[in-house]
Every structure is written in structure tokens, then in C-alpha cells.
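See structure below.
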Amino acid sequence: MSKTKEKIESTEKALYSIRTVSDLTDVNAITLRAWERRYGLIEPVRKQSGHRLYTQEHIDLITRVVGLIDRGMRIGQIKEHLESERAAMSTEQVVNDSWNRYIQRMIAAVIQFNEEGLEDVYGEALALYPIDKVTEKLLIPLLTELGRRWEDDQGSIAEEHFFGFYIRNKLGARFHHRVKAKGGSSLLLACLPHDRHETGLLLFALAANATGYHTILLGSDMPLGDLPAVALKTGAKAIILSGTLHPGSQTLNHELPALSKLSPVPVFLGGNASTQVHDALKRSGIHVLGTDLATGIARLSDMVPAR
């Protein structure tokens, strides 16, 4: 018999006979009935005549059960395993929904220039979760979403300045009160010329410090020609640049290649700019960190260990 699905009824979902399901999954009807009666794995739809009918979800579940058996799991263990998986997925979805609500509430506060609203959401998140989790799940996705809004002209420059000032103060306070790494490799951190978006730079500095690096921040709109001398004077092991905006042809084609040649230490670039001009950076000898903090720290550590 062809393994074409035999549609039995057309209600909200297509329903299939046990024979069709058996053909599709290579599980015979006797086994399917045993999985239902003895192990409670499947609950088919019942017609008034008593015939079993199955949905696509049932077919997917049967395929999943077959895969678990093939990997050595006993049939008696599978129901508990599947229930644990569902519980984990449900909990994860609830948590993700909570983060999404935080993000949307903060965006609404930015649109309304409501500092108290920002403070309420940020404070609530910090009361429930560790600071690193708030950074990962709230601040970084929020910055990405706000950046997308501004690129699509959905947000104003005033909104950007309002939120930038707020979050810079918050991160600056964290940076000021951080536990300073002693004996760690020194990093020199700055934004690209004409780039005044310091949030990503501060987040990276905090993550680097937590990893064991000693961090020296030079801030926004940094002339690149000054950096080699500062690196020598401070004993920095690497120069970390942050770019939110496209670097521009002068910086990309002349200043960054010159810095790469003159610098006594490796030069890295992170942020949106690093993904926009990835190939040009590689040709210039600049190492790309990307936009993900954990990945960026790992790439840095491969070349410049924290200690």
C-alpha cells in the first residue's frame, strides 16, 4: 500500500486511520494499541463506532517514541521522559514570555520618555534574576530591538538619547562599583571614531572584568591613531573597539588598517559594525568579536588569556 496519508474526516484537523498511521510510522496496529492501553502514550480520537483516529500530532509523537526506543530507552520509561520534556519546555516558554514582557514594557517607557517606568521594570528584573541574566535576557535583546526600531525610522533621536543616558548611568555605576580584577591581562577599550554609543562597550567591559581581565576605558569617539601609544604606556595586551554604526570608508579603509599595522598588540572590534564589515576587517588584520558577549569573550580568550 502507498504511504499516502488517507484522510478520514475533514474537521478542524485531518484524522487518519490506524492502518494509515501504521504505514506511515512502521509501527504495527497491535503495538499502537499496546502503547495506548498499557503505557498511556497515545490518546487517539474515538468515533462513535469505536474506531481509532489519529492526528498529525499523534504521528509526530509516535515517531518520537520510535526514535527513543532506537536509542535504547525502554518503553516503560518513555512516558515519564516525554512528560519531563513537556514540563521543561513549558517552564522555558513561561520564562521567555516574562523576558519579552519586560522588553516590551521598557520599549513603551522609552517611547513615553518615562524614566520611572524604565526604573520599575529594570528594578523588578534585578529583584528576580542575577545581573548577568538580566544583561543577557533583557538589556542585550532590548538594545537590539531599539536599534532595529531606530534603523527603520520607528523611533526618534530623542528616544535614543533618552534611553542612552539612562542605561549609561546604570552601567557606569556598575562599572564604578565592580570588583576590580587583580593581576589580569589589561584591555584598552574604546568606541570607533564618530561613534558615541557606549552601551555595548560598557557591557563588554563588565563581562571582561568578570572573566578576570583588567579594563581601561577610553569611551566614545576615539581617534584610532592615539591607541598604539596608550597601549604601550598602560601595558595593555589587546585593544578592544566597539562599533554600533558602520565605520565609514575613511575609518574602514585607512584608519583601521593603519592601527592594525602600528599596534603592538592585537586589535579586536565588536558590535554591529563588526558583522557589517566582517570581510574588510579580516583583510585589515582586525579580529572580529561579533555581537554576542559570551562568544566575543571566548574569541578574545583564545588569543589573549585573562591571566
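Please give me the summed charge of the neighbours of Ser260: other residues whose Cβ is under 14 Å from its Cβ, Lys and Arg +1, Asp and Glu -1.
With Lys, Arg at +1 and Asp, Glu at -1, the net is +2.
Of all DSSP beta bridges in the chain, what percent run antiparallel (nearest 5)? Walk me through the numbers on the way to the answer.
Working: 7 of 24 bridges.
Restricted to the chain, the bridges split so that about 30 percent are antiparallel.
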For the range 236-307 and the range 199-222, distance of Cα centres in Å: 14 Å
Given the candidates Met106, Gly155, Val134, the one whose Cα lies deepest towards the positive end of the charge dipole of the range 90-171, counting +1 at each Lys or Arg C-beta and -1 at each Asp or Glu C-beta, is Val134
Efficiency by 1/(1 + (r/R0)^6): what FRET value for Ile131 and Gln104, r their Cβ-Cβ distance, R0 = 30 Å, to the nearest 0.05? 0.90
Residue with peak Gaussian network fluctuation, the chain [Cα springs, cutoff 10 Å], from His161, His51, His287: His51
On a 0 to 90° scale, report how tilted helix 75-111 is relative to the longest principal axis of the chain, with both axes built from alpha carbons and the result rounded to the nearest 10. 40 degrees
What size of dipole, in debye to the nearest 20, comes out for the chain about its Cα centre when the only charges are +1 on Lys and Arg C-beta atoms and -1 on Asp and Glu C-beta atoms? 1200 debye
Sorted by Cβ density within 10 Å, fewest first, the residues Thr234, Thr20, Thr291: Thr234, Thr291, Thr20
Once the Cα atoms of helix 56-70 and of the chain are each reduced to a long axis, what angle between those two axes, in degrees from 0 to 90 to the nearest 10, is obtained? 80 degrees
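Using mean Cβ contacts within 10 Å as the protection proxy, how do 71-80, 117-126 order, highest first?
117-126, 71-80
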Stretch Leu232-His177 to full length: gain in nm at 0.36 nm per residue minus the Cα-Cα span? 17.1 nm
To test your reading of the geometry: what angle, between 0 and 90 degrees and rounded to tens, separates the Cα axis of helix 157-176 from the longest principal axis of the chain? 80 degrees
Out of these labelled values of Rg/Rh (Cα atoms, Kirkwood Rh), [x] 1.17; [y] 1.01; [z] 1.13, which was calculated from the coordinates shown here? [x]
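Determine, from the Cβ-Cβ distance of Gln154 and Asp279 and an R0 of 41 Å, the FRET efficiency 1/(1 + (r/R0)^6), rounded to the nearest 0.05.
Approximately 0.90, to the nearest 0.05.
Bear in mind these aren't lab numbers, they're just calculated from the coordinates by the rules spelled out. Keep in mind that what you see is a predicted model, and the values were worked out from it rather than measured. Heads up, the Cβs are rebuilt from the backbone with ideal geometry, glycines too, and the neighbour counts pull from every protein chain shown.
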